[in-house]
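One structure is given here, and the rest of the page talks about it.
The values are calculated or read from the model by the stated rules, or taken from the named source; none is laboratory data. It should be emphasised that the depicted structure is a prediction, and the values quoted were computed from it without experimental measurement. A quick note on method: Cβ atoms are made from the backbone with ideal geometry, for glycine too, and the neighbour counts reach across all protein chains shown.
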Amino acid sequence: MIKKSAFSLGISGFSCGLGAQDEGCKDGYAALEDQLRSTDYLPCSYQPIVNSLYDGPILNYTKYEKLYDHLMYLKNSVKESIADGSIPVAIGGDHSMAMATWTAVAQAYSLQRQLGLIWVDAHLDAHSQDTSPSGNYHGMPARFLLEGGSGVLSRVVGDESIIDPKHLVYIGIRSYEDEEYAYLSNLGVKIYTMDDIHAQGACCVVKEAMNYIRHHVSGFGVTIDIDAFDPHIAPGTGTTEADGLKEDFLECLKGIGRDEKFKALEIAEFNPHLDQDGKTAALLLRIIGTIFSDYKESRDEN
Ligand SMILES: [Mn+2]
């Protein structure tokens, strides 16, 4: 069940905030790159891929066509990591990146509709273009993954569903529109709200989610929107919500990256311009270190 052999992480930066209201998260990956390079707890054969594909003028090149280019670049870089035998770690960037990351993982492992996804977030990110009050794509990636794409972004996920609703589990939810919640509940998606965390305890919820996912699929990933955490420990993100996950949640993630079914990690929405004293950056690095932490222990033993 637990990987004993060495493995490498393929880190992809999604330097794009075009799916968000505040585009400052486009600088999230760049703000962390030096630290990621010097962080010795990362078992990396490190493959930083800075995602700034296109910056020139094309007639009628809209914001969303540009977002599409960024997403396709991320999708390819995640596939490259897998082809190289690495575990992808995608760092954003706004959460529209989930369309690219999880489509890449599902396709590379032939796990369409068989990939489990643990979605840690304050929000459900399950709007359609019709129900979204803001029209921002970082509020829609779950919907795209569940249903397949439409419009400019359709080619990122393709026409078909990538994630089966019964393989999607949310944790940390506390802010959403009724349409989203109804849509997901009707599909049978599992949703652990902050009320559930308070009632059951963070690690109990994570354990339950993991058991559920591992039982249903042969591969799973974790996507973490940094706004899932409490604004006191993660102020550096565009849409903070009070009463979020606390420090103790980190412990619950320990070693998940060493599970034999673990396929990829994604961390989205870090906006360095809104950070306070580097708190959020430090938290993000600790999340990565914790998820793969057992690797360090086994490495130290050897
Ligand atoms: Mn999100």
- Note on the structure: For helices (runs of 4 or more DSSP H) lying entirely in the stretch 118-200, having 3 or more residues that are touching a Gly at 6+ places or on another chain (Cβ under 8 Å) picks out 154-157
- Could you count how many residues in the stretch 78-104 are part of a helix (DSSP H, G or I) and either closer than 23 Å to residue 136 by Cβ or touching a Gly at 6+ places or on another chain (Cβ under 6 Å) (or both)? 10
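Would a scan of the stretch 250-268 turn up a residue that is assigned to a loop (DSSP other than H, G, I, E, B) and free of Cβ contacts under 8 Å to residues at least 60 places away in the same chain?
Scanning the stretch 250-268, I find at least one residue that is assigned to a loop (DSSP other than H, G, I, E, B) and free of Cβ contacts under 8 Å to residues at least 60 places away in the same chain, so the answer is yes.
More than 16 Å from the ligand (Cβ to nearest atom), of a type in the set (Gly, Ala, Ser), more than 25 Å from residue 128 (Cβ to Cβ) and touching an Asp or Glu at 6+ places or on another chain (Cβ under 9 Å): is that true of residue 236 in this structure? Spell out how you get there, then give the answer.
Numbers: more than 16 Å from the ligand (Cβ to nearest atom): no; of a type in the set (Gly, Ala, Ser): yes; more than 25 Å from residue 128 (Cβ to Cβ): yes; touching an Asp or Glu at 6+ places or on another chain (Cβ under 9 Å): yes.
No: the conditions fail for residue 236.
Check the stretch 126-136 and report whether any residue there is more than 16 Å from the ligand (Cβ to nearest atom), at pLDDT below 95 and of a type outside the set (S, T, N, Q).
Yes.
Residues are listed down the side, and each one gets a yes or a no for (1) within 19 Å of the chain's Cα centre (by Cα); (2) under 27 Å from residue 291 (Cα atoms); (3) charged (D, E, K, R):
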{"position": "145", "(1), (2), (3)": "yes, yes, no"}
{"position": "155", "(1), (2), (3)": "no, no, yes"}
{"position": "163", "(1), (2), (3)": "yes, yes, no"}
{"position": "175", "(1), (2), (3)": "yes, yes, no"}
{"position": "178", "(1), (2), (3)": "no, no, yes"}
{"position": "186", "(1), (2), (3)": "no, no, no"}
{"position": "190", "(1), (2), (3)": "yes, yes, yes"}
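Residues checked against (1) more than 20 Å from residue 128 (Cβ to Cβ); (2) more than 16 Å from the ligand (Cβ to nearest atom):
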{"position": "176", "(1), (2)": "no, no"}
{"position": "194", "(1), (2)": "yes, no"}
{"position": "202", "(1), (2)": "yes, yes"}
{"position": "206", "(1), (2)": "yes, yes"}
{"position": "211", "(1), (2)": "yes, yes"}
{"position": "214", "(1), (2)": "yes, yes"}
{"position": "217", "(1), (2)": "yes, yes"}
